[in-house]
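Q: One structure is given below, represented as structure tokens, and several questions about it will come after.
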Amino acid sequence: SLKLSTRSDQTGDTPISYFMQQAVENPNLISLAAGLVDPGSLPAEEVRAVTNDLLGDPRTAQAALQYGTTQGYGPLRDKIFQHVLALDKLSPSNVAFTADDIVVSTGSQQLLYLLGEVLLDPGDIVITEAPSYFVYHGILSSLGIRTLTVPMDEHGMDTDALEALLTRLEKSGELPRVKLIYTVDYFQNPTGLTLSLARRRYMLELARRFSKTQRLLILEDAAYRELRFDGDDVPSIKSLDRENEYVILTMTFSKPLAPGLKTGYAVMPRDLVGPLLRFKGNHDFGSSNLNQYILDRLLGSATYRQHVQHLREVYRAKRDTLLTALAEEFPTSSSALRWTTPEGGFYVWLTCPPEIETGPESRFMQACLREGVLYVPGAFCYVKDGAVPNAEARLCYGVASHDELREAVRRLGRAAHDVSPMEKIRMPAFAGCRG
Ligand code: PMP
């Protein structure tokens, strides 16, 4: 019989397969589950123009269609360097990293995986937010990592609780096993919430203070940062890490441009670059070179900036449509549903009263499938290191059209009325984040 590796036995099916199957079985389903980008604003013309240019000239065509380097196309890394600095309004002299500390990858997902391989041994501990990005939890479980979680509120990860956890781990002698703190710190997947500046500073201070036998690193997954449409920008944790020692910043072109180009990048402490590249060498010795040439052209012109500006308007309008529909369907006076108000990205986190459980087997989910609407059950976004809340849901307004968003909320409303009379007012978690 087939004998798989231990790691294989630890590797679960991603919950995404469940949603794919539902979508295939129910063609009329409106999915607020898939975390995809707005299809209508994908930059087809822009990508076509630069691709034509590149392939029209035999010299660039041959270079772009040849293998590239493991670390990534130099001119693109230079532009990413400038881009990352510009986001934090910094100049090269303000930071301890250069384009040499940047690695281009096949989506930022590849980096999350490779960083796991390069930094973590089975039994090591990674601290994440509760709830957090479920695909990352999948990587950790596959690698045999212990994931401990810290609760969040509307200002992101509760850093006092993080400090308490680290103190407890130090007392029990487990601190040497704690390698990473993982945070999705802008418009988090799944809650849409952003880590406050004060907590960014505090998290970095904690990483420094609890770096005893080894460095405790922060993995800052800023996948959605560029898609801010409301409120003031907050500096990256990376920008506060003036020695380029404690923070690995990962970002991606999937959200601000096109997931089909599947290109991400990281800025990391210099002593991590070499070890990471050895793993990446084994994986693929370099991400798609053509895609990197395309991105280099786009980033080097005004096209990229204009496109991101346009996307911000697209997603703001979609968020508004979803939140307005929710407020009409579930008025405060008659329902105890609560939801977050994201200032960017494309996720809203819904907290239902306890009688509306949201799990895949729940009456509410079954009612939603009958009505034709799908969401991500909140429980999917938690690690089972304690009680898992089961009355929450992630709603994505990225893919659905405005009409579909309104219709999806009507369907959610009918499903909710099916399972609950909705007159009880209770105060669930995330109270105060009401839209
Ligand atoms: N991090 C987060 C928080 C994400 O939501 C995603 C995509 N859903 C990724 C990383 C990976 O995206 P990609 O590999 O396309 O860059």
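Q: Is there a residue in the range 63-70 that is away from the ligand (no atom under 16 Å from the Cβ), at pLDDT 95 or above, in contact with an Asp or Glu (Cβ under 9 Å, 6 or more places away or on another chain) and open to solvent by 20 Å² or more (accessible area, probe 1.4 Å)?
A: Yes, there is a match, as at least one residue in the range 63-70 is away from the ligand (no atom under 16 Å from the Cβ), at pLDDT 95 or above, in contact with an Asp or Glu (Cβ under 9 Å, 6 or more places away or on another chain) and open to solvent by 20 Å² or more (accessible area, probe 1.4 Å).
Q: Just the residues that are surrounded by fewer than 20 Cβ atoms within 10 Å (Cβ to Cβ) and in contact with a Lys or Arg (Cβ under 7 Å, 6 or more places away or on another chain), please, taken from the range 151-197.
A: His155, Leu175
Every residue, every condition in (1) within 16 Å of the ligand (Cβ to nearest atom); (2) open to solvent by 30 Å² or more (accessible area, probe 1.4 Å); (3) within 23 Å of the chain's Cα centre (by Cα); (4) over 21 Å from Arg312 (Cα atoms), yes or no:
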{"position": "Leu32", "(1), (2), (3), (4)": "yes, no, yes, no"}
{"position": "Gly40", "(1), (2), (3), (4)": "no, yes, yes, no"}
{"position": "Asp57", "(1), (2), (3), (4)": "no, yes, no, yes"}
{"position": "Ala61", "(1), (2), (3), (4)": "no, no, no, yes"}
{"position": "Gly74", "(1), (2), (3), (4)": "no, no, no, yes"}
{"position": "Asp78", "(1), (2), (3), (4)": "no, yes, no, yes"}
{"position": "Ala99", "(1), (2), (3), (4)": "no, no, no, yes"}
{"position": "Ser105", "(1), (2), (3), (4)": "yes, no, yes, yes"}
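Q: Let me ask something additional. What pairs can you find where one residue is in the range 252-270 and closer than 18 Å to Leu85 by Cβ and open to solvent by 10 Å² or more (accessible area, probe 1.4 Å), the other is in a helix (DSSP H, G or I) and more than 6 Å from the ligand (Cβ to nearest atom), and their Cβ atoms are less than 9 Å apart, with a gap of 6+ or different chains?
A: What qualifies is Arg270/Asp100; Arg270/Asp101.
Q: Quick one: how many residues across the range 13-39 are touching a Ser or Thr at 6+ places or on another chain (Cβ under 8 Å) and at pLDDT 85 or above?
A: Of the residues in that region, 1 qualify.
Q: Now for a different question. Hey, can you tell me all the residues within the range 107-125 that are more than 16 Å from the ligand (Cβ to nearest atom) and of a type in the set (Gly, Ala, Ser)?
A: Gly123, the sole residue that qualifies.
Q: Can you report the number of residues in the range 1-53 which are out of contact with any Asp or Glu (no Cβ under 8 Å at 6 or more places or on another chain) and closer than 23 Å to Gly372 by Cβ?
A: Counting residues in the range 1-53 that are out of contact with any Asp or Glu (no Cβ under 8 Å at 6 or more places or on another chain) and closer than 23 Å to Gly372 by Cβ gives 25.
Q: Counting only residues that are out of contact with any strand residue (DSSP E or B) (no Cβ under 8 Å at 6 or more places or on another chain) and surrounded by 15 or more Cβ atoms within 10 Å (Cβ to Cβ), which one in the range 419-435 is modelled with the lowest pLDDT?
A: Met422
The values are calculated or read from the model by the stated rules, or taken from the named source; none is laboratory data. Remember, it's a predicted structure, so these values are computed and weren't measured experimentally. No Cβ is skipped: glycine too gets one built from the backbone with ideal geometry, and neighbour counts run over all protein chains shown. Surface accessibility is based on the protein's heavy atoms, side chains included, excluding ligands, DNA and RNA. Shrake-Rupley method; radii C 1.70, N 1.55, O 1.52, S 1.80 Å.
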